[in-house]
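Participant: Before I ask anything, let me first share the structure, which is written out below as structure tokens.
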Amino acid sequence: MGAIFQSLGRTVIAGIVLLVIIILVAGAGTGQMVSLDMDWSRFFMRWLHVLSGVMWIGLLWYFNFVQIPSMPKIPDEQKPAIGKVIAPEALFWFRWAAMSTIVTGLLLAGMNGYLVGALSLHKPFHAIGIGMWLGIVMWFNVWFIIWPNQKKALGIVQVGAEEKAAAARMAMLTSRFNTMLSIPMLYCMVAQQNGGL
């Protein structure tokens, strides 16, 4: 068992295997097996969207609630480990989780027939439409403001000290802006199906 948890890849595969077992056992217990039809495809796309969103917003909140506030407490000789190892890896997963969340969300909206209605903020899709627009703005910020500035701040792209400091500040402020937007975005996404807006 320990070998499974010593590798992230094996841990993820074990999670998928466990999910398949749960689906099969639950289906056998209820007499209803999964039928791979359009309803299941929409459900599966929603699950992928939620999974991606958890990774994206989880990392956004990690940066803002843990990493950024902790940086002043870390001794200077230890900071290179954050900037050279942890932050680039976290930013890789962060930006690709953002991309996956947007792509699966747009596909899901298209599969469910509310893409245009939501993006144009028409009732009854105005709540999820607001959430979608907030998510699109956040995605744009990740790819076109945060990541380009983080590359400068982390030294992936070489710039002078003054530009590096300005880039770090812009990345942090935009990340905080996305944290602020994530609160109403998540509310609107949940509100659509639960009458909260």
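Participant: Go through the range 47-73 residue by residue and tally those that are touching a residue at least 40 places away in the same chain (Cβ under 8 Å) and open to solvent by 60 Å² or more (accessible area, probe 1.4 Å). Talk me through it step by step, then tell me what you get.
Facilitator: Our first condition is that a residue be touching a residue at least 40 places away in the same chain (Cβ under 8 Å); within the range 47-73, this holds for 48-49, 52-53, 55-57, 60-61, 63-64, 68.
From what's left, open to solvent by 60 Å² or more (accessible area, probe 1.4 Å): 55, 61.
Looking only at that region, the number is 2.
Participant: Residues of the range 169-185 being hydrophobic (A, V, I, L, M, F, W, C), under 16 Å from the mean Cα position of the chain (by Cα) and open to solvent by 70 Å² or more (accessible area, probe 1.4 Å), which ones? Walk me through it before giving the result.
Facilitator: Going residue by residue through the range 169-185, those that are hydrophobic (A, V, I, L, M, F, W, C) are 170-173, 177, 180-181, 183, 185.
Those still in the list that are under 16 Å from the mean Cα position of the chain (by Cα) too: 177, 180-181, 183, 185.
Residues satisfying the conditions are PHE177, MET180, ILE183.
Participant: Would you say PHE44 is open to solvent by 60 Å² or more (accessible area, probe 1.4 Å), over 20 Å from ILE146 (Cα atoms) and under 20 Å from the mean Cα position of the chain (by Cα)? Please lay out each step first, then the result.
Facilitator: Values: open to solvent by 60 Å² or more (accessible area, probe 1.4 Å): yes; over 20 Å from ILE146 (Cα atoms): yes; under 20 Å from the mean Cα position of the chain (by Cα): yes.
Yes: the conditions hold for PHE44.
Participant: Assuming GLY58 fulfils every condition listed in (1) within 24 Å of ARG176 (Cα to Cα); (2) touching a Ser or Thr at 6+ places or on another chain (Cβ under 7 Å); (3) of a type outside the set (D, E, K, R) apart from one, which condition is it?
Facilitator: (2)
Participant: So, one more: Go through (1) farther than 30 Å from ILE23 by Cβ; (2) more than 13 Å from the chain's Cα centre (by Cα) and name the single condition ASN112 misses.
Facilitator: (1) is the only condition that ASN112 fails.
Participant: Could you identify the single residue in GLN78, GLN192, GLN158 that is surrounded by fewer than 14 Cβ atoms within 10 Å (Cβ to Cβ) and at pLDDT below 95?
Facilitator: Details: GLN192 fails: surrounded by fewer than 14 Cβ atoms within 10 Å (Cβ to Cβ); GLN158 fails: at pLDDT below 95.
Testing whether each residue is surrounded by fewer than 14 Cβ atoms within 10 Å (Cβ to Cβ) and at pLDDT below 95 leaves just GLN78.
Participant: Return the total of residues in the range 25-46 being modelled with pLDDT of 85 or more and more than 22 Å from LEU108 (Cβ to Cβ).
Facilitator: Kept after step one, since they are modelled with pLDDT of 85 or more, are these residues of the range 25-46: 25, 38-39, 41-46.
Filter once more, keeping what is more than 22 Å from LEU108 (Cβ to Cβ): 25.
Number satisfying all stated conditions: 1.
The values are calculated or read from the model by the stated rules, or taken from the named source; none is laboratory data. Bear in mind that the values here come from a model prediction, so they are computed numbers and not experimental data. Positions of Cβ are generated from backbone atoms using ideal geometry, with glycine treated the same way; all protein chains shown enter the neighbour counts. Accessible surface is based on the protein model in full, side chains and every heavy atom, while ligands, DNA and RNA are left aside. Shrake-Rupley method; radii C 1.70, N 1.55, O 1.52, S 1.80 Å.
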